[in-house]
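What follows is a short report on a single structure.
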Amino acid sequence: MSEEWIRIIIPTRNNEKIILACLGNIFNQTYKRIKVTIIDDCSEDRTVKLIKKFYPQAEVITNQEVQGPAKNRNIAASQISENWILFLDSDAYPEKNWLSRAFPIIQKDKRIGILGGKIFYTKKSKEKRRAIQSRGGYMHISGIIGLYKTVFSGRKEYIWLPSSTFLVSKKVFNQIGGFDQNFFYLIEDNDLCWRTIIAGYKVVYNKNLISLHQHSKTAQSTFKKSRVAYLTKRNKMLMLFKNYEITSLIKYLPVITFVILLETISLDNPLAILRGNLAPFKHLKTIVKQRGEIKKYRRTKDKKIIGRLISPNLLATLKLIKADGYVKAQKSRGN
């Protein structure tokens, strides 16, 4: 089996403290046919200087104005010719055999659109221990999202996987239009995975693909909590309004509305949360256009996708809202 070149794309912004460790990890991969592109979002520190000094073999794209991770990844992806892209966060560290293990998987199954694996928190994360961050992602029909920490025996396909470390088919990426640039930041990976499934491809989890992730290192130093709350809820609603078929959207609108009310009264930053949930109503013209584009490549009906989502059980819904999409990390064992 001949190895293909794989492009690794890393968005950065003010990451001087972590970017060298990230690149050191990447260039230590046992899979050697890699090319690295860093797209820097107007860093004001030494990020770009350090990259050019210590890793001159990496291509660096520098923005003239802040674009956000979603658009940055699209810009970098538009300039490459490789068939597969490993999207990597600047605070993520795949094990050195990650790509060597991933390549045979994508070669055997041509229906894979996105491939990811098990993610641990780093020792520098707030959890302070090697704890599971992700064994795949879940989503409630109202758009609440989160990461599985426990074992789901035999499960290989999920509704979404985190973009901190995942391998994406360039063909599929182009077909579905890449990341939604309107999202700017947050939920863009959920949306990309959902549209990959809509297009008839698989989002596959493999427990042997292991990486570490410090988690939102850039965001913590860039965005206020109220801004994160706003973007999370706005992008959640944009995703639902775009990706659901109209019959599903009408069917689940009462549940979505109920969740908006509960989120507003039970979570921190209620004004930001309410504004985020209502923001998409200002952009209905854009959403209608996007729905038309998605309809052109839709191969999977909602009837098949709904089975992967968490149903609107009241108790489960309340628990997910309280967790705000994320549950406490648990020690990892098994799958």
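The values are calculated or read from the model by the stated rules, or taken from the named source; none is laboratory data. All values derive from a computational prediction rather than experimental measurement. No Cβ is skipped: glycine too gets one built from the backbone with ideal geometry, and neighbour counts run over all protein chains shown.
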Condition test on Thr12, is it of a type in the set (Ser, Thr, Tyr), closer than 29 Å to Ile210 by Cβ and surrounded by 21 or more Cβ atoms within 10 Å (Cβ to Cβ)?
yes
The lone exception for Ile34 - which of (1) crowded, with 23+ Cβ neighbours inside 10 Å; (2) more than 25 Å from Ile187 (Cα to Cα); (3) in contact (Cβ under 8 Å) with a residue 60 or more places away in the chain it fails
(1)
Kindly provide the set of residues from the range 183-201 that are at pLDDT 95 or above and surrounded by fewer than 20 Cβ atoms within 10 Å (Cβ to Cβ), ordered by number.
Ala199, Gly200
Starting from residues that are of a type in the set (D, E, K, R) and in a helix (DSSP H, G or I), keep the ones in the range 171-193 and report whichever is nearest to the chain's Cα centre (by Cα).
Asp189
Go through the residues of the range 250-259 one by one and say whether even a single one is in contact with an Asp or Glu (Cβ under 8 Å, 6 or more places away or on another chain) and in a helix (DSSP H, G or I).
no
Please specify each residue of the range 107-122 satisfying the condition of being in contact (Cβ under 8 Å) with a residue 12 or more places away in the chain and surrounded by fewer than 19 Cβ atoms within 10 Å (Cβ to Cβ).
Gln107, Asp109, Arg111
Could you list, in sequence order, all residues of the range 13-22 that are under 15 Å from Tyr93 (Cβ atoms) and touching a helix residue (DSSP H, G or I) at 6+ places or on another chain (Cβ under 7 Å)?
Asn15, Ile18, Ile19, Leu20
Residues of the range 146-175 being crowded, with 24+ Cβ neighbours inside 10 Å and among the β-branched types (Val, Ile, Thr), which ones?
Thr165, Val168
